[in-house]
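The values are calculated or read from the model by the stated rules, or taken from the named source; none is laboratory data. Bear in mind the structure is a predicted one, so any value in this text is a computation, not a measurement. Reconstructed Cβ throughout: ideal geometry from the backbone, glycine too, with neighbour counts over all protein chains shown.
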Amino acid sequence: MRTFLLSILICLSCLYSGFSQSVSNDLRSDVRQAIMKGQYDKAISTLESIDSIGKDTTGLYDALIYLYIFKKDWDKILKVPVYNLNECKDTSLVSLARFISKYPKERISDDPAKLRYKYKAGGPVIKVRLNGKMYRFGIQTTTSISILSSDVAKRCRVKSNFPFDTRKESDNEDDDDLFSGVIDSLEIGQLKVYNHACCVIDKWNLELKVLGVRIFKIDGILGWNFLQEFDVNIFKDPKKISFISNKKTTESNYNFIWLGYPFVSCKNPEGDSLLFMVEAGTFGSKVFKSYLSKTDTTNVRKKKTVIFNEDSKEKINSFFFDEINLIFGDQIITLHYLESLPTFDFPFLGLMEIDGVIGVGEYFQHNVYFNSKKGYLLFLNSTH
């Protein structure tokens, strides 16, 4: 399965050549604090007040767009003025927003769902009924928009701008193009979602191959535009996952936020504030450069690591931690065997400092509970 799925948010961004605009530190701080408290409407209002938001290259423009995604305000995405939009032409995000805005708004039933899952392809995989037919979908917290395989989209007659009649598999195995789609009906047990937005991709991008032999395939991925609507519980033993419709929001005691990716705020034993991405697409946890400045690395193992860029490679000094402790309110979780990496290539680095990633391997050790609208993430032992 192609690694681009793990960073599909960046593919959705509009990459353009603009100017870094002068925005006051107070305004930037207001946006950051509102997001950290889950006050997304307040953050949006502040960002919309910036006349030059379409020219920003420091993370504010990206933050506004992804907050619109979280609110599912597709029409507003189309109205944001973007500098040099003609040069970057029609991005995947703009195309998606234009396509989805033509159809009725998403509807979600109040029925809860609880079912078994299997761990495959870096995360839980469950059975989903799509337009009346059963398929296997993965769950990835770092995929902002649900993803659907092109062959399934065609078979289920999903509304899409995917060129089914002209696209040939033999010609496109290296293409990572994203197309837009709207799923009429998506069912998990008794839970039903109607008019669900998705990206449609070539079917081979959802295959895992070894030496050219396909060993695993999923039919789609439930992204954050699905997960954000529910109270999600992932149980360790037995392996079950539940979705409960989320009707109530809270704006206090937040430790779990979403800004393109899901993040959890926590502390180290010394009391320093940390921000970790919650990653359901990679097994191991990692820390970034900013974390190193908040901990004593005197006795930490060091090693030269080779980092590969597009056309080059470089050696860097990496630190290897046997374990680190993260404090979530009155609970502590221990992450094991972490490597330090350079700063993550994240579109909001001008706004948020990211200290590390909590990998999907933690799901094997705990029961996991999260709700993005109520703003909490918990890792609990199975005895709780």
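If you filter the range 12-51 down to residues that are modelled with pLDDT of 90 or more and of a type in the set (Asp, Glu), you find that the one that is farthest from Lys79 (Cα to Cα) is Asp30. Within the range 129-146, the set of residues being over 16 Å from Val232 (Cα atoms) and of a type in the set (A, V, I, L, M) comprises Leu130, Met134, Ile145. Among the conditions (1) crowded, with 16+ Cβ neighbours inside 10 Å; (2) modelled with pLDDT under 85, the only one that Ile77 does not satisfy is (2). Kindly indicate whether Ser144 is assigned to a strand (DSSP E or B), modelled with pLDDT under 95, crowded, with 19+ Cβ neighbours inside 10 Å and not acidic (Asp, Glu). Criteria not met by Ser144. Only residues that are at pLDDT below 75 and either under 23 Å from Phe276 (Cβ atoms) or in contact with a His (Cβ under 9 Å, 6 or more places away or on another chain) (or both) were counted in the range 239-255, giving 5. One residue stands out in the range 217-237 among those that are modelled with pLDDT under 90 and under 20 Å from Glu362 (Cβ atoms): the one that is surrounded by the fewest Cβ atoms within 10 Å (Cβ to Cβ), namely Asp237.
Selection of first residues in the range 145-156 that are touching a residue at least 60 places away in the same chain (Cβ under 8 Å) and on the phi < 0 side of the Ramachandran plot and of second residues that are part of a loop (DSSP other than H, G, I, E, B) and of a type in the set (D, E, K, R), restricted to Cβ pairs under 7 Å at least 6 apart or on distinct chains, gives the following pairs, ordered by first then second residue: Ser149/Asp219; Val152/Asp219. Taking the range 117-151 as the range and being closer than 28 Å to Lys71 by Cβ and among the hydrophobic types (A, V, I, L, M, F, W, C) as the test, the residues that pass are Ile126, Val128, Leu130, Phe137, Ile139, Ile145, Ile147, Leu148.
For the range 326-376, a residue qualifies if it is farther than 18 Å from Ser273 by Cβ, outside any loop (DSSP other than H, G, I, E, B), out of contact with any helix residue (DSSP H, G or I) (no Cβ under 7 Å at 6 or more places or on another chain) and at pLDDT 80 or above, and the qualifying residues are Thr334, His336, Tyr337, Leu338, Glu339, Leu341, Asn367, Val368, Tyr369, Phe370, Asn371.
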